[in-house]
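Peer 1: Just passing along the structure, written as structure tokens.
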Amino acid sequence: MKNIFSFLGFKPKKPKTSTGRPEIRLPFSDGKSKKTMAGLQPERPAVNRPTQGAVGGILNCPQCQYPLRVEPSRSSPCPNCGFSGSKPENTVFNAGKTMAVSGLEEIEVQGLNELRFKLIDESNKSELKIQSEDPEVMLNRDYLDPGNMSISGEQHVIFKLKNRRILIQDVSSNGSTFIQVKEATPLVSGIRLVLGNKVCLFTIRNKEQKAASENTTKKMGGFDFKQQGADAGFELKDDKSGRTISFSESHVVVNRVNLDTGNNTISGSRHAEFTFENGNWFIHDLSSTGATFFQLTAESPLADNTKIIIGNKVYTFMYD
């Protein structure tokens, strides 16, 4: 009799037979459900992770403290700073946090800490040394040249220490303090100049009239494209003789010829130049002897080896 399953058209499955192979159990399987088992890991040998550079149990780059998974090496450098395991160097990566201003070293300011200088009398080369803990020193006739009536008897000139520089200020009643022209110096009308042994009053000629005309509305075509103010010129008036010399150019070079023929204290070719620039007159010494001075009307800084006229005496100022 045929099997009922064959009669119905079904073929029964044959029973499985053992192959003799060991049962395979995957690490994440319980061997039955064959589903991934959450939280279970295969048994693996323990690995000693590097501890160099660890902070609080967390591995950090020894160069920049960036958190890492493995110790930096040539094959696996730090992704933040590129450190590859060599000895840390003093670079921007290990410079630490930005320093506060209070943590910076004090920057040394060049200059003087005390009022200290000397005046050399040009007539006999004698030295007068000044050293004071006070920021100001006043000099007068008794201190400089007793009996010299060209120097004020009470107060003539003050030397000041400001911002680690020495300044000079005239306080005489007759304004007889002059400082050597060391570079192009701006001039104001009414200032006195010493050219050689001549004392001259510098005056901007027709300044008042020109200022009034500049405030007047000009007609079309009445514009002046010259240097404004230069056409007014200036005058030099000799204090002793009263002689006045006028100049109208914007650039004037004075010498022995146009100032005082035969005066050998004035340079024969180029003693000083007057230049009108940006609305101001400037004087610049050109003499070989440096015999050009301007009257001191305000505080002025002193450079080393600058000559100063106090009364009728000439001194050389030097930092001691």
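Peer 1: What strands (runs of 3 or more DSSP E) completely inside region 254-320 contain at least 2 residues that are within 30 Å of Glu136 (Cα to Cα) and at pLDDT 95 or above?
Peer 2: 280-285, 292-295, 306-310, 313-319
Peer 1: So which residues in region 187-198 are part of a strand (DSSP E or B) and either without any contact (Cβ under 8 Å) to a residue 40 or more places away in the chain or farther than 19 Å from Thr275 by Cα (or both)?
Peer 2: Residue satisfying the conditions is Lys198 alone.
Peer 1: Condition check: at negative phi and touching a Phe, Trp or Tyr at 6+ places or on another chain (Cβ under 7 Å). Does Ile179 satisfy that?
Peer 2: Criteria met by Ile179.
Peer 1: Quickly run through region 275-290 and pick out the residues that are under 25 Å from Ser189 (Cβ atoms) and open to solvent by 20 Å² or more (accessible area, probe 1.4 Å).
Peer 2: Answer for region 275-290, where residues must be under 25 Å from Ser189 (Cβ atoms) and open to solvent by 20 Å² or more (accessible area, probe 1.4 Å): Thr275, Glu277, Asn278, Gly279, Asn280, Phe282, His284, Asp285, Leu286.
Peer 1: State the number of residues belonging to region 116-134 that are more than 19 Å from Asn305 (Cβ to Cβ) and surrounded by 12 or more Cβ atoms within 10 Å (Cβ to Cβ).
Peer 2: Total meeting the criteria: 1.
Peer 1: Right, something else. In region 164-186, how many are buried (at least 16 other Cβ atoms within 10 Å of the Cβ) and more than 13 Å from Ala272 (Cα to Cα)?
Peer 2: So the count comes out to 11.
Peer 1: Here are the criteria: (1) open to solvent by 70 Å² or more (accessible area, probe 1.4 Å); (2) closer than 22 Å to Gln169 by Cα. Tell me which single one Glu249 does not satisfy.
Peer 2: That leaves (2) as the condition not met.
Peer 1: Looking at Ala272 and the list (1) touching a residue at least 40 places away in the same chain (Cβ under 8 Å); (2) small (Gly, Ala, Ser); (3) surrounded by fewer than 15 Cβ atoms within 10 Å (Cβ to Cβ), which single condition is not satisfied?
Peer 2: (3)
Peer 1: Shifting gears a bit: Considering only residues that are over 17 Å from Phe294 (Cα atoms) and assigned to a strand (DSSP E or B), look in region 236-246 and name the one that is least open to solvent (accessible area, probe 1.4 Å).
Peer 2: By that ranking, first place goes to Ile245.
Peer 1: List every residue pair whose Cβ atoms lie under 6 Å apart, where the two residues are 6 or more positions apart in sequence or sit on different chains, the first residue falls within region 119-139 and is farther than 19 Å from Leu161 by Cα, and the second residue, located anywhere, is hydrophobic (A, V, I, L, M, F, W, C) and assigned to a strand (DSSP E or B).
Peer 2: Glu122/Val314; Glu127/Ile120
Peer 1: Could you say whether any residue in region 212-222 is open to solvent by 90 Å² or more (accessible area, probe 1.4 Å) and modelled with pLDDT of 70 or more?
Peer 2: No, the conditions are met nowhere in region 212-222.
Peer 1: Go through (1) under 20 Å from Ala184 (Cα atoms); (2) modelled with pLDDT under 95 for Leu236 and report which single condition fails.
Peer 2: Of (1) under 20 Å from Ala184 (Cα atoms); (2) modelled with pLDDT under 95, only one is false for Leu236: (2).
The values are calculated or read from the model by the stated rules, or taken from the named source; none is laboratory data. In this text, all values refer to a predicted model and were calculated from it rather than measured experimentally. Neighbour counts run over all protein chains shown; Cβ positions are idealised from the backbone, glycine included. The area values use the complete protein model at the heavy-atom level, side chains included, leaving out ligands, DNA and RNA. Shrake-Rupley method; radii C 1.70, N 1.55, O 1.52, S 1.80 Å.
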